[in-house]
Amino acid sequence: MIYLGADHKGFHLKEEIKMWLRQWGLEFEDLGNTELDEEDDYPIFASEVAKKVSENENSCVGIVACGSGVGVDVVANKYRLIRCGLGFGAQQIKSAREDDDINILALPASFLSYKKAKKITEIFLKVEYEPTQNHDRRIKQILDIEKNK
């Protein structure tokens, strides 16, 4: 399952992503905003996605979008078991999936073309974590920080 969320600045990109996911035959749930509202706030939608992914850590991922991508990234990373990565490039997100096991992709809607966003999204969904001693050790360190904060 892929959970989606975006504010007004990420709304149109989220709608494009939904179209791509349908074309790719992937299951998703849109957690909002479901209509364009220039007055909405990104923390609401990033929180909804992060909650769902946190509750179902090994069986789903999330994609969130706002203007800069930073706001939704910050909010998502407040949740337990979330490793959200801000995506500006395909190689960057490939590395983030393989090495850091990110489970939510934050997209900066104001800074990406739909073509580039599609490529980043496709990479995020196709590439899997590559467990190595170094990667596993670092993920464990992140989990330890979460437990002790």
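Amide H of Gly62 versus every other amide H placed in the peptide plane: which residues, excluding those fewer than 5 positions away on the same chain, fall under 5 Å?
Those qualifying (amide H under 5 Å, at least 5 residues apart or on another chain) are Tyr3, Ile104, Leu105.
Mind listing which GluC sites (Glu not before Pro) in segment 61-149 are in a DSSP loop and have 16 or fewer other Cβ atoms within 10 Å?
The qualifying sites are Glu128.
Going by the alpha-carbon gyration tensor, a ≥ b ≥ c the square roots of its eigenvalues, is segment 1-77 rounded (a/c under 1.5) or, if a/c is not under 1.5, prolate (a/b greater than b/c) versus oblate? Numbers along the way, then the final one.
On the way: a/c = 1.98, a/b = 1.14, b/c = 1.74.
Oblate is the answer for segment 1-77, as a/c is 1.5 or above yet b/c matches or exceeds a/b.
Taking the Cα centre of the chain as origin and charging only Cβ (+1 Lys, Arg; -1 Asp, Glu), how large is the dipole, in debye to the nearest 20?
Numbers: 21 positive and 26 negative charges, 117 e Å.
Here the chain has a charge dipole of around 560 debye.
Relative contact order (percent) for segment 2-148, with alpha-carbon contacts under 8 angstrom and 6 or more residues of separation?
The value is 23 percent.
Below 13 Å Cα-Cα, how many Lys pairs turn up in segment 2-148? Only count pairs eight or more apart in sequence, or on different chains, if you could.
For segment 2-148, the number of qualifying lysine pairs is 7.
So how long is each side of the chain along the principal axes, counting just the alpha-carbon atoms, biggest first, in Å?
Rounded to whole Å, the extents work out to 43, 30, 26 Å.
Which of Tyr3, Thr121, Gly25 sits closest to the plus end of the dipole of the chain, meaning its Cα is farthest towards the positive end, when Lys and Arg get +1 and Asp and Glu get -1 on the C-beta?
Positive-end residue among those listed: Thr121.
Since every read-out is calculated from the coordinates, none of them should be taken as a lab result. The model shown is predicted, which means the values in this text are computed figures rather than measured ones. So basically every Cβ, Gly included, is an ideal-geometry build from the backbone, and we count neighbours across all protein chains shown.
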